[in-house]
Amino acid sequence: RMTSVLNVDEIAAKDGTSAVTLTKQHAAKVWANFDMDSTQVLNDSFNVASIADVATGKSTITYTNSLSNANYSCVTNSVHDSGSYFTTLNVAHDTPPTASAVQLEAMVQNTGAHSDAELNSMANHGDLA
């Protein structure tokens, strides 16, 4: 048996310009970097159609392309004012995720109070619909 090595600088779709579609691979199918402070702002994202302010410390992220079901993994991170106090970002306890959106809530770590945290990130791993 011979061993093969594939060395490439870029992988592109057949048309040469589109992004390559990931299907059953285990790459994040949705990710977002966003700010809850004052107004909801998406700093950067992938497969995110919109972000909505639900309440203090609560945001809903709606996907451009739905996942196959609501049983995906959602990884989150959050901090306020570059560390002036620490927050946790979690899937909202009162609103379960759906295949097309997730509601997240940021809470101050030592008090549990909801907070419009400034530096938030999330990534979802699962299969696209």
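Within the stretch 78-90, how many residues turn out to be surrounded by fewer than 16 Cβ atoms within 10 Å (Cβ to Cβ) and part of a strand (DSSP E or B)? Let's see the steps before the verdict.
Keep residues of the stretch 78-90 that are surrounded by fewer than 16 Cβ atoms within 10 Å (Cβ to Cβ), which gives 81-86, 90.
In the following step, the residues that additionally are part of a strand (DSSP E or B) were identified as 85-86, 90.
Residues meeting the conditions: 3.
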How many residues of the stretch 104-126 are within 14 Å of the chain's Cα centre (by Cα) and either among the basic types (Lys, Arg) or open to solvent by 20 Å² or more (accessible area, probe 1.4 Å) (or both)? The answer is 5
Per the filter on the stretch 93-129, residues within 16 Å of Phe34 (Cβ to Cβ), hydroxyl-bearing (Ser, Thr, Tyr) and modelled with pLDDT of 95 or more are Ser121
For the stretch 106-119, pairs from a residue that is within 12 Å of Asn90 (Cα to Cα) to a residue that is open to solvent by 80 Å² or more (accessible area, probe 1.4 Å), with Cβ under 7 Å and 6 or more apart or across chains, are Gln109/Phe86; His114/Thr56
Per the filter on the stretch 46-58, residues crowded, with 17+ Cβ neighbours inside 10 Å and closer than 28 Å to Ala19 by Cα are Asn47, Val48, Ile51
With criteria (1) in contact with a strand residue (DSSP E or B) (Cβ under 7 Å, 6 or more places away or on another chain); (2) open to solvent by less than 50 Å² (accessible area, probe 1.4 Å); (3) part of a loop (DSSP other than H, G, I, E, B), Ala13 comes up short on (1)
So the strands (runs of 3 or more DSSP E) completely within the stretch 28-72 holding 1 or more residues that are more than 12 Å from Leu104 (Cα to Cα), in contact (Cβ under 8 Å) with a residue 24 or more places away in the chain and not hydrophobic (A, V, I, L, M, F, W, C) are 30-35, 58-63
Note on Val75: of the conditions (1) surrounded by 14 or more Cβ atoms within 10 Å (Cβ to Cβ); (2) part of a strand (DSSP E or B); (3) among the β-branched types (Val, Ile, Thr), unmet is (1)
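The values are calculated or read from the model by the stated rules, or taken from the named source; none is laboratory data. Predicted, not measured: the structure shown is a model, and the values here were computed from it. Note that each Cβ is placed from the backbone with ideal geometry, even for glycine, and that neighbours are counted across all protein chains shown. In case anyone asks, the SASA skips ligands and DNA or RNA and just uses the protein heavy atoms, side chains included. Shrake-Rupley method; radii C 1.70, N 1.55, O 1.52, S 1.80 Å.
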